[in-house]
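First comes the structure, then the notes that go with it.
The values are calculated or read from the model by the stated rules, or taken from the named source; none is laboratory data. All values derive from a computational prediction rather than experimental measurement. Cβ coordinates were reconstructed from backbone atoms using ideal geometry, including for glycine residues, and neighbour counts include every protein chain displayed.
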Amino acid sequence: MSNKKQNTESLIASLSDNFSGIKVMPHPIRHLALWSVLAVSYTLLIIIFLKIRPDLSDKLENPNYIFELLQILAISISAAFCSSWLCVPDMRGQKWMLVVPITLFVAFSLQIILRTTMETHDLPHIYFHHCSMKSIIFGVIPAIALFLMSTRGKTTHPISMSLMNALAIGGMGYLGLRIICMSDNIGHLYGYHLLPYILFGIIISLVGRRIYRW
């Protein structure tokens, strides 16, 4: 019996000799708070730098405009929540969170389709419009920050991570563009404001498994 106990203790000692300890993964809310402060601060700075649309006070009296801003803000925030939780393997057992931003995005997409069919608009000529350039300006720093935070995690759902990151970044950028751009034409909004973020989401989803592997 004593030999068995001694062998067990020797085995434990040999296994723990090279153990240097582990660094506990921070709570997802810390990643969320850090990115949110950075993204909101950066977006506000860019809005101030590029100038707020002159008719913003009038637009804020339009309930449809307010609803659109709140809707896209909710998509961005809820997607950022999911992105933070996806940094933890299996999302800490809270996969239900993904339903929120996906549902909001589907509702927003249906709204786009409805407005497209009901409003008179011209199809935009797809070229590198100045609003497309501004969409990149709004998205570049939040995208880099979220990418670095995401790669420090250990996600088991790289495609979901890519989608949530695209929604979080695109939502914040689209919000900024709606505050500075005077155009409310449906073709302009979704050709030059949304299309760059949609393309970004498609690209990052295609390479998600390579980016977020561990």
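What pairs come up if the first residue lies in region 187-198 and is over 18 Å from residue 117 (Cα atoms), the second is part of a helix (DSSP H, G or I) and of a type in the set (Phe, Trp, Tyr), and their beta carbons are under 7 Å apart, counting only those six or more places apart or on different chains?
193/174; 197/174
Criterion first (at pLDDT 90 or above and either surrounded by 10 or more Cβ atoms within 10 Å (Cβ to Cβ) or of a type outside the set (Val, Ile, Thr) (or both)) does residue 4 satisfy it?
So residue 4 does not fit the description; no.
So residue 70 fits all but one of (1) modelled with pLDDT under 85; (2) part of a helix (DSSP H, G or I); (3) of a type in the set (A, V, I, L, M); (4) out of contact with any Leu (no Cβ under 9 Å at 6 or more places or on another chain); what number is the exception?
The single condition residue 70 does not satisfy is (1).
If you take the residues of region 24-75 that are within 22 Å of the chain's Cα centre (by Cα) and among the small types (Gly, Ala, Ser), which of them is farthest from residue 101 (Cα to Cα)?
41
With the requirement that a residue be part of a helix (DSSP H, G or I) and either among the aliphatic types (A, V, I, L, M) or modelled with pLDDT of 95 or more (or both), what does region 79-100 give you?
We begin by selecting, within region 79-100, every residue part of a helix (DSSP H, G or I); these are 79-86, 89-93, 95-100.
Passing the criteria: 79, 80, 86, 91, 97, 98, 99, 100.
I'd like to check something: does region 44-58 contain any residue that is assigned to a helix (DSSP H, G or I) and closer than 13 Å to residue 146 by Cβ?
No, every residue in region 44-58 fails to be assigned to a helix (DSSP H, G or I) and closer than 13 Å to residue 146 by Cβ.
Among 158, 124, which is surrounded by 14 or more Cβ atoms within 10 Å (Cβ to Cβ), touching a Gly at 6+ places or on another chain (Cβ under 7 Å), closer than 30 Å to residue 54 by Cβ and at pLDDT below 90?
That would be 124, the only listed residue that is surrounded by 14 or more Cβ atoms within 10 Å (Cβ to Cβ), touching a Gly at 6+ places or on another chain (Cβ under 7 Å), closer than 30 Å to residue 54 by Cβ and at pLDDT below 90.
With the condition kept exactly as written, say whether any residue in region 84-105 is of a type in the set (S, T, N, Q) and more than 13 Å from the chain's Cα centre (by Cα).
Yes: one or more hits.
Within region 26-48, is there a residue that is modelled with pLDDT under 85 and loosely packed, with under 14 Cβ neighbours inside 10 Å?
yes
Could you please find all residues in region 61-91 being without any contact (Cβ under 8 Å) to a residue 12 or more places away in the chain and aliphatic (A, V, I, L, M)?
66, 70
Mind telling me which of the residues 92, 115 ends up being within 19 Å of residue 27 (Cβ to Cβ) and either surrounded by 11 or more Cβ atoms within 10 Å (Cβ to Cβ) or of a type in the set (A, V, I, L, M, F, W, C) (or both)?
Just one listed residue meets the conditions, 92.
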